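What follows is a short report on a single structure.
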Amino acid sequence: MALFAIGLLLGIQVPSFMDQYQQRIDAHFREVSINITGFQDTADQLFSGDLESLITYYRESNDEVFQRDADSIRLIVDRYNRITTEQTALQGNMAASAWHIAFVSDREFFNEAMEQYSYTVPLNSIAIQWGLALAVLSTLAIDLMVFGSTRFFRLLMHRRKEVLSAQSTRV
């Protein structure tokens, strides 16, 4: 029962964490979108919208300031792409989004969300469904492990008795 209760409490947190993670990604996206806007405008006007061409132009410039700025623009573009990838991955259904956040998400954003996570106990239907599902699955998994371990050790003991019995009949 304690394991079920722990699974229930952890499961209730899933939708809340997912919501906070999504909000964090959205906030970072707004910030990086503002940062990239000026460069994208320049790329639109002079390089047919190709930011890579703009970065190459900066990097190959004879001006040292432009060369250094190429690295800054690269960081902004890479961050924009990372955050866009996260946003796209979170557009699926809840199960796919939960899987992505748990196993495939960008570790920087995941760790940031974990550090800033505020625990809540929402009592809405989605939180209760996640809580019950996690509680049932964790209880079932533990019960199956205990059952399997018990059967395995019984089988080992039975085999040991057979071996000892066979050895004692030879003597």
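Overview of results
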quantity: Residue pairs meeting the criteria (Cβ under 9 Å; at least 6 apart or on separate chains; first in contact (Cβ under 8 Å) with a residue 60 or more places away in the chain, in the range 26-50; second surrounded by 13 or more Cβ atoms within 10 Å (Cβ to Cβ) and in a loop (DSSP other than H, G, I, E, B)); calculated: none
quantity: Qualifying positions in the range 26-58 - in contact with a helix residue (DSSP H, G or I) (Cβ under 9 Å, 6 or more places away or on another chain), of a type in the set (Gly, Ala, Ser) and loosely packed, with under 15 Cβ neighbours inside 10 Å; calculated: Ser33, Gly49, Ser53
quantity: Sole residue being of a type in the set (A, V, I, L, M), closer than 30 Å to Thr37 by Cβ and modelled with pLDDT of 85 or more, chosen from Ala96, Ala70; calculated: Ala70
quantity: Search result, residues across the range 6-38 that are closer than 12 Å to Val121 by Cβ and at pLDDT 85 or above; calculated: Ser16
quantity: Residue that is surrounded by fewer than 13 Cβ atoms within 10 Å (Cβ to Cβ) and either of a type outside the set (Asp, Glu) or under 30 Å from Ala135 (Cα atoms) (or both), where the choices are Thr88, Thr120; calculated: Thr88
quantity: Top-ranked residue in the range 126-171 [being farther than 23 Å from Met1 by Cβ and of a type in the set (Ser, Thr, Tyr); ranked as surrounded by the most Cβ atoms within 10 Å (Cβ to Cβ)]; calculated: Ser165
quantity: Index of the failed condition, Ala95 passing every other in (1) surrounded by 12 or more Cβ atoms within 10 Å (Cβ to Cβ); (2) among the aliphatic types (A, V, I, L, M); (3) free of Cβ contacts under 8 Å to residues at least 60 places away in the same chain; calculated: (1)
quantity: Ser105 vs. criteria of a type in the set (Gly, Ala, Ser), surrounded by 15 or more Cβ atoms within 10 Å (Cβ to Cβ) and closer than 30 Å to Asp19 by Cα; calculated: yes
quantity: Tally of residues being free of Cβ contacts under 8 Å to residues at least 40 places away in the same chain and more than 13 Å from the chain's Cα centre (by Cα) across the range 73-87; calculated: 6
quantity: Long-range neighbours under 6 Å by Cβ, at least six apart or interchain, first residue among the acidic types (Asp, Glu) within the range 98-113, second surrounded by 12 or more Cβ atoms within 10 Å (Cβ to Cβ); calculated: Asp106/Arg82; Asp106/Glu86
quantity: Every residue from the range 104-136 that is aromatic (Phe, Trp, Tyr), part of a helix (DSSP H, G or I) and over 15 Å from the mean Cα position of the chain (by Cα); calculated: Trp130
quantity: Of all residues in the range 1-25 being under 25 Å from Tyr80 (Cα atoms) and free of Cβ contacts under 8 Å to residues at least 24 places away in the same chain, the one that is surrounded by the most Cβ atoms within 10 Å (Cβ to Cβ); calculated: Asp19
quantity: Any hit, the range 67-81, residues being charged (D, E, K, R), surrounded by 13 or more Cβ atoms within 10 Å (Cβ to Cβ) and closer than 28 Å to Gln23 by Cα; calculated: yes
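The values are calculated or read from the model by the stated rules, or taken from the named source; none is laboratory data. Everything numeric here is computed off the predicted structure, so don't read it as measured data. With ideal geometry, Cβ positions are generated from the backbone for all residues, glycine too; neighbour counts draw on all protein chains shown.
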